Structure formats: structure tokens, C-alpha cells
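See below for the structure under consideration.
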Amino acid sequence: MSRLIVISNRVQAPSADSNGAQGGLAVALTAALREADGIWFGWSGETGETGDLAFTTYDGVTSATIDLPEQDVDEYYNGYANRTLWPLFHYRLGLTEFERDFQGGYERVNRTFGEKIGPHLRPDDLIWVHDYHLIPLGWVLRQQGLKNRLGFFLHIPWPPTPLLTALPEHRRLVEALFAYDVVGFQTREWLETFHDYVRNQMGGSVGEDDTVTVGGRTITAIACPIGIDAEAFIASANSLNAAATHARMMTSSIGRSMIVGVDRLDYSKGLEERFNGYQRYLETRPDAHTNVYLLQIAPPSRAAVQSYRDIRATLDALSGRINGAFADIDWVPLRYVNQGFPREILAGIYRAARVGLVTPLRDGMNLVAKEYVAAQDPDDPGVLILSRFAGAAEQMEQALLVNPYSADDLADAIEQALVMSREERIARWRPMFGNVRREDVIWWRKRFTAMLAQP
Ligand code: ADQ
């Protein structure tokens, strides 16, 4: 049996520090790594001179990490990954920074990854590289003579061709993808935008069997939507901690309906627009509005990047303004919380919420939408309001799909969700729950690795 090698920017293998608390992706990949005697390679998250890989084995899974010098962290991670590719791939050309130093750092760190990891690979290993931080890594490994099956999965959207061509080195970046044998996208839509680039910028062709050919090179490109660890999440929603949290939320709601949002604090998540939509609801439904409140949970991320500090300041001000304008002596319309919570607590919060508000402006998938559905009470489920620009919308068409830019659209959907009959809520929830369970993270991982294992 071939070993599975996972390479990503950060390693989320189990460790003595993680206390068993891992995200769905980490759970799925570590299960596969354990079965296949694999290794998970990545950056340690620490700044320092790049030495040898540090290997650790914990709970049957081996991980290997390197430190990166400060300049690399600035140019590769804070720079090219988070200030160039992230905004560009989320359709935010205005926030995209084009710096040669960033690109230089990106290529340098990808070469460092290749040099450090290459010597540890065996000829029959299956190698699976993750996300936009490491697009050129496959090419770097091929330059070293590596002949293995190589896969790449993009967790974020693939941008439309006219946007992508704003990147000076767009051609070089996309050509690097052709070093892989299998390239996976979250949705059909992103796969098709990739096809568009290949046809129009590279003179390539798209075959019927998920193949894409440019020059003499043919690769497989598929849509393979990621899921959550559904059974574990359902178990979390039924845990004692979740029940206690649910009870706590119900007590503090005193009969009012809770709307919940849970997101990393990121401009792609549409939080400012969401607050504006909620404000529109409060303004236009004065009779109904004191019966609800919005709980927005948003732990800060990427604080080294200015655009993230800006969005945080914007939301601090906007939440203050909304509460200042609408709050009463016994009611606060918006509870805005900047911290993360353990999974069982989150599950209890989701279950207590009459409405899940998931309205990114653009999102590769969005796992919160799936977690919200998994956590619901089957006899009395809440309503999911979902942005049509989240990858998850392709699988969750029974949600109330909205245009997240439109405050009116959001206000209407909030009203529709709050007055929806139990029958309709169940009828919408059931097929989504079926999908979340069927196409879970294990399904996703098996589908991708089966493709990768095909000769
Ligand atoms: P992210 O942009 O990080 O991931 P998302 O899919 O929403 O986004 O996943 C966030 C995860 O973090 C969820 O599991 C959620 O429960 C957790 N989380 C968020 N806020 C939290 C809080 N306050 N406390 C605890 N947990 C919290 C990228 C892409 C997505 C894609 C994923 C996976 O941007 O589109 O779905 O990768 O491929």
C-alpha cells in the first residue's frame, strides 16, 4: 500500500497540545495518514532560521515541520498568500497587492519546501498538496525528478479569467498546476472558470472525462466539494456540553429568536454587508424587531495584514452604531463576540439559533453552513440563509439563497426565515442534512485520493 503524504502551509496533525480538538479537515486527513503510514509536512508557524525538518509522531500520525525566517513569513505568508492570492481569488481586485518581493518570497518558500521534503519521499508515495500557498510546489518537486502521482486541492474559489490575468505572473502560476496529475476544486463553477482560463489563455482543451490538456500534458481536474466530519458534529450537537450551552442560550434569549453568524473575521465573509442587512431588517420591521437578536461570533484572524485590521475597526464601529441606534434598556439587537469556541459549545449555539446567517461575498465552500445544518433538531430545525456566492450553495439549494451585497435581500430573507412554518423548515432542512451526512469529509478525502491513486 502506498503511503499518503499531505503537504499544506500549516500542519494540523494531532499533538499533545491539541487535546483531541481538531477541525474536520484535520480529522479526515489524520485518519488517512494513520491508515497509510503517512506524513504531514508544513510550516511550524514559528519564525526562525530554516533548519532540518522536525519530525514528531503523536497518536499514530507523523508530522514534519520547518520554521521560516521572518522575511519569508512576511513575503510568502503575509504577502503573496494573504495580500495577493487571497483577495484576488475572492474577486477583490481592489484589495490585491502586487509586489515582486511577495512573489519572490512565495517561490523561494515553495523551493524550500521542495528541498526539505523531497529527500523524505519514496517512489510509490501518493502526494497531496493543499491550497493556494503551495501551488508551485508540484513543479518544484518535478524539477527534482519526482515521478510520483501528485495531487493538488484548492480550498478557495478559482477566479474568473479577466481577474486572474491582472496578476502579472498568472501564466506561470497556472502552468505550475500542470505539474500535478489531479487538481481538485470545491465546485463545478470554479472548475469551469479554470477550464475557461485553460481554453482562452493557454489554447488548451477540456476532455469529457475530467481531463484538461495543454500542449502535450494532460491532467485530471475535478470538482470535489469538501464536507464536515458530520457524524462527529452530530454527536457534538447531542453532547452534554451542547445541551448545557443550548439551555444557557435559551435562558438568555428570554423567548426571543436568535439569529447566529459564525465566521473568521475576514472581509470575504461579508460581515459588514450582513450587519447592514440586519440593520435594514430592524429599520423596516419595527413591530417585529424586538423579538430577535443577532449573535455574531467572529474571532480575529491575520492581524498582521492591514485590510484585516481595517475590517475589524469597521465592524467595531458598525456594531456600536447599530446597538446605539436600536437597543432598549432590556434588549440589545447585536451581540458581537470576538472569540472562538470549542466544537460542542458551537454546536449548542447553532441548535439554539432559529436562523443561521451565512453570507460570504465569496467563499470556496463554507463549512459553517454545513455545521449549522448538522446541529439542528430534526423535529424543529432552524433556517439556513446562505449566500449564493458560497461554494456550499451548489449542494444546499434548499437554503434561503441570498445576494449578500443586497441589504434588502438579507432583510427579506431574515423575515421569511423567522415566520417560516415548521413543515417548511423540516422540508428544507431534510435534504440538506442528507447531503451533509452523505458528502462528508471522509467521502471527500476518499474521492480525491481514489482519483490520485488511479494510474
Ligand atoms: P475558512 O475560510 O477558514 O476555510 P470555513 O469553511 O468557514 O472557512 O471554516 C471555518 C471553520 O472554523 C469552521 O469549522 C468553523 O466552525 C470554525 N470556526 C469559525 N469561527 C469559529 C469560532 N468562533 N469558534 C470556533 N470555531 C470557529 C477555507 C475556505 C472555505 C472552505 C474551507 C475548507 O475559505 O471556503 O470551506 O477552507 O476547505
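What follows draws every value from the coordinates through simple rules; no lab data is involved. No experiment lies behind these values; they were computed from the predicted model shown. All Cβ positions, glycine included, derive from the backbone under ideal geometry; neighbour counts span all protein chains shown.
Straight distance only, please: which aspartates and glutamates reach the Cα of residue 147 with their own Cα at less than 13 Å, same-chain residues fewer than 8 apart left out?
Straight-distance partners of residue 147: 124, 125, 181.
Just subtract the alpha-carbon distance of residue 49 and residue 388 from 0.36 nm times their residue separation and send over the number in nm, one decimal. Intermediate values should be presented prior to the final figure.
Details: separation 339, 0.36 × 339 = 122.04 nm, distance 4.40 nm.
Going from the current span to full extension adds 117.6 nm.
Amide H to amide H under 5 Å from residue 129: which residues, 5+ apart in sequence or cross-chain, H placed 1.01 Å off N in plane?
7, 151, 152, 153
Pick out, in residue order, every one of the GluC sites (Glu not before Pro) in region 9-114 that is DSSP loop and has at most 14 other C-beta atoms within 10 Å; say none if there are none.
On the way: sites: 35, 46, 49, 70, 75, 97, 99, 107; in loops: 49, 97, 99.
Within region 9-114, the qualifying GluC sites (Glu not before Pro) (loop, at most 14 other Cβ atoms within 10 Å) are 49, 99.
Can you work out the Karplus-derived ³J(HN,Hα) for every residue in region 234-251? Use 6.51 cos²θ - 1.76 cosθ + 1.60 with θ = phi - 60°, whole Hz, and x for glycine or proline.
3J(HN,Hα) across region 234-251, in whole Hz: 4, 4, 4, 5, 9, 7, 5, 4, 5, 5, 5, 5, 4, 4, 5, 5, 5, 4.
Angle, helix 271-284 long axis vs. longest principal axis of the chain, Cα atoms, 0 to 90°, nearest 10?
20
For region 437-455 and region 50-122, compute the distance between their C-alpha centroids and round to whole Å.
Rounded to whole Å, the Cα centres lie 25 Å apart.
Quick check: the distance between the Cα centres of region 396-412 and region 176-224, to the nearest angstrom?
31
Please list, in chain and number order, the residues 5+ apart from residue 383 or on another chain whose amide H is under 5 Å from its amide H, with Hs placed from the backbone.
Residues meeting the amide H criterion: 355, 356.
Compute, for the chain, the length of the dipole vector about the Cα centre, with Cβ point charges of +1 (Lys, Arg) and -1 (Asp, Glu) only. Units Debye, rounded to 20.
Details: 45 positive and 57 negative charges, 75 e Å.
Dipole of the chain, to the nearest 20 debye: 360 debye.
Based only on Cα atoms, what Rg/Rh ratio does the chain have, Rh being taken as Kirkwood's radius?
0.97
Taking the Cβ-Cβ separation of residue 67 and residue 338 as r and a Förster radius of 25 Å, what is the calculated FRET efficiency to the nearest 0.05? List each step's numbers first, then the result.
On the way: r = 29 Å, r/R0 = 1.14.
Step by step, r from the Cβ atoms, then E = 0.30.
Relative to the longest principal axis of the chain, what angle (0 to 90°, nearest 10) does the C-alpha long axis of helix 24-35 take?
Rounded to the nearest ten degrees, it is 40.
What Kirkwood hydrodynamic radius do you get for region 102-215 when you take the inverse of the mean 1/r over all pairs of distinct Cα atoms, in Å? Kindly include the intermediate steps, with their values, before the conclusion.
Working: mean 1/r = 0.0677 Å⁻¹.
Result for region 102-215 stands at 14.8 Å.
Classify region 197-286 as rounded, prolate or oblate from the Cα gyration tensor: take a ≥ b ≥ c as the square roots of its eigenvalues, call it rounded if a/c is under 1.5, otherwise prolate when a/b beats b/c and oblate if not. Numbers along the way, then the final one.
Values: a/c = 4.74, a/b = 1.94, b/c = 2.44.
Taking the square roots of the gyration eigenvalues as a ≥ b ≥ c, region 197-286 is oblate.
Taking Cα pairs under 8 Å and at least six residues apart, what relative contact order does region 1-129 come out at, in percent?
Contact order relative to length: 28 percent.
Can you tell me how much longer the chain between residue 438 and residue 272 gets when fully stretched, taken as 0.36 nm per residue apart minus their C-alpha distance, in nm with one decimal? The partial results should precede the final answer.
Values: separation 166, 0.36 × 166 = 59.76 nm, distance 3.32 nm.
The residue 438-residue 272 span can extend by a further 56.4 nm.
What is region 230-438 by shape, rounded, prolate or oblate, if you read a ≥ b ≥ c off the alpha carbon gyration tensor as root eigenvalues and call it rounded for a/c under 1.5, prolate for a/b larger than b/c, and oblate otherwise? Kindly include the intermediate steps, with their values, before the conclusion.
Details: a/c = 1.31, a/b = 1.19, b/c = 1.10.
Here region 230-438 falls in the rounded category.
Using each residue's phi in region 178-192, evaluate 6.51 cos²θ - 1.76 cosθ + 1.60 at θ = phi - 60° and report the 3J(HN,Hα) Karplus result to the nearest Hz, with x for Gly and Pro.
My calculation for region 178-192 gives 6, 6, 7, 8, 10, 10, x, 10, 6, 9, 4, 4, 5, 4, 5 Hz in order.
Take residue 202, project a point 7 Å from its Cα along the Cβ direction, then tell me which residues of region 212-236 have their backbone nitrogen under 14 Å from it.
212-222
At 222 nm, what helix-only mean residue ellipticity would the chain give, in deg cm²/dmol to the nearest 500, using -39500 (n - 2.57) for each DSSP H run of four or more? The partial results should precede the final answer.
Values: 16 runs with 186 residues, N = 455.
About -12500 deg cm²/dmol.
Which whole-Hz ³J(HN,Hα) couplings does region 213-229 yield from phi under the Karplus relation 6.51 cos²θ - 1.76 cosθ + 1.60, θ = phi - 60°, glycine and proline marked x?
With coefficients 6.51, -1.76 and 1.60, one gets 10, 10, x, x, 9, 10, 10, 9, 10, 10, 9, 9, x, 6, x, 9, 7 Hz.
Quick check: convex hull over the Cα atoms of region 406-447, volume per residue in Å³, rounded to an integer?
Values: hull volume 3.8 nm³, N = 42.
Dividing the Cα hull volume of region 406-447 by its residues yields 91 Å³.
Write down the Å³ per residue value for the convex hull defined by the alpha carbon atoms of region 384-454. Don't skip to the answer; put the middle values down first.
Values: hull volume 5.8 nm³, N = 71.
Measuring per residue, one finds 82 Å³ for the Cα hull of region 384-454.
Determine the shape class of region 244-335: with a ≥ b ≥ c the square roots of the Cα gyration tensor eigenvalues, call it rounded for a/c under 1.5, and otherwise prolate if a/b is greater than b/c, oblate otherwise. Please report the intermediate quantities before stating the final value.
Numbers: a/c = 2.36, a/b = 1.49, b/c = 1.58.
In terms of gyration-tensor shape, oblate.
How far is helix 100-117 tilted, in degrees, relative to the longest principal axis of the Cα atoms in the chain, given as a value from 0 to 90 rounded to the nearest 10?
Orientation of helix 100-117: about 70 degrees from the principal axis.
Suppose each label sits 7 Å from its Cα in the direction of the beta carbon; what would the residue 329-residue 316 distance come out to in nanometres?
So the two model labels end up 3.0 nm from each other.
Net charge near residue 391: determine it from the other residues with C-beta under 10 Å of the C-beta of residue 391, scoring Lys and Arg +1 and Asp and Glu -1. Please list the in-between numbers first.
On the way: positive: 188, 362; negative: 189, 363, 394.
Surrounding charge for residue 391 is -1.
Could you list the GluC sites (Glu not before Pro) in region 356-455 that lie in coil according to DSSP, counting only those with at most 14 other Cβ atoms within 10 Å of their Cβ? Mind dumping the intermediate values first?
Working: sites: 371, 394, 397, 415, 423, 424, 439; in loops: 397, 439.
Sparse-neighbourhood loop GluC sites (Glu not before Pro): 397.
How much length would be gained if the chain were fully extended between residue 15 and residue 100, taking 0.36 nm per residue of separation minus their Cα-Cα distance, in nm to one decimal? Can you show the working numbers first?
Working: separation 85, 0.36 × 85 = 30.60 nm, distance 3.67 nm.
Stretched out fully, the residue 15 to residue 100 stretch lengthens by 26.9 nm.
Counting alpha carbon pairs within less than 8 Å and at least 6 residues apart, what relative contact order, in whole percent, applies to region 230-438? Before the final figure, lay out each step's value.
Details: 375 pairs, mean separation 55.6, N = 209.
Worked out over region 230-438, it gives 27 percent.
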